[in-house]
Amino acid sequence: MVFKSFFLIISLIVIWLFFINIHTKILITENGITIKKFFKTERYDFEDLNFYFERVEPARFKSYKGLFIVKGNEVIARISSFDYSNYDEIKENFRLNEYKNVRIYIVDVIRIMFGQKIRISNKESSKMVKK
């Protein structure tokens, strides 16, 4: 009984976090990007952000693209073509440099989906940070 209750609570937390991330709104202005979630709003100026990179995210029948925004050597946000039908329009309005050779693992992508900020290794980010 205790195990079933624990499993139910963990399942409800995972579902709740998933729906919070789905209902995220992104507003792009000339100077920056605003990410609105249920309980918090994050604003970033393009001058403070370093770069973004894109990753193909495979699914069962189709592959989607994920855009990851980096500040310092932390990935601070993920925008996926699975979640946003206007993904290409969002990408066009970014005023950041794009880097192609960034390696990120599926475990890190899952952590980002649940709201955690992950660090990119110093070897990769030291080459990519704008000067």
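No value in this document is a laboratory result; all are computed from the given coordinates. Computed from a predicted model, the values in this text were never measured in an experiment. As a convention, Cβ positions derive from the backbone with ideal geometry for all residues, glycine included, and neighbour counts pool all protein chains shown.
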Item to complete: Identify, among ILE104, PHE94, LEU49, the residue whose Cα sits farthest towards the positive end of the charge dipole of the stretch 2-128, taking +1 on the Cβ of Lys and Arg and -1 on the Cβ of Asp and Glu, with the dipole about the Cα centre.
Response: ILE104
Worksheet, complete the sentence: If each K or R counts +1 and each D or E counts -1, the residues other than GLN116 whose Cβ falls under 13 Å of its Cβ total +2
Item to complete: Choose one of ILE76, MET1, PHE18: the residue whose Cα lies farthest towards the positive end of the charge dipole of the stretch 1-96 (beta-carbon charges +1 Lys, Arg; -1 Asp, Glu; about the Cα centre).
Response: MET1
Fill in: Length released on extending from VAL107 to LYS71, taking residue separation times 0.36 nm less the Cα-Cα span
11.0 nm
Item to complete: Determine, from the Cβ-Cβ distance of PHE82 and SER11 and an R0 of 22 Å, the FRET efficiency 1/(1 + (r/R0)^6), rounded to the nearest 0.05.
Response: 0.55
Discussion item. If each residue of separation counts as 0.36 nm, what is the full-extension length gain between MET1 and VAL56 once their alpha-carbon separation is subtracted?
Written reply: 15.7 nm
Worksheet item: Under unit Cβ charges (Lys, Arg +1; Asp, Glu -1), what dipole magnitude, rounded to 20 debye, does the stretch 2-128 have relative to its Cα centre?
Response: 520
Practice prompt. Pick out, in residue order, every one of the GluC sites (Glu not before Pro) in the stretch 1-85 that is DSSP loop and has at most 12 other C-beta atoms within 10 Å; say none if there are none.
Written response: GLU30, GLU47
Fill in: Virtual spin-label span in nm between GLU98 and ASP45, 7 Å along Cα→Cβ
2.6
Worksheet item: One-quarter of the Cα convex hull surface for the chain, in nm²?
Response: 9.6
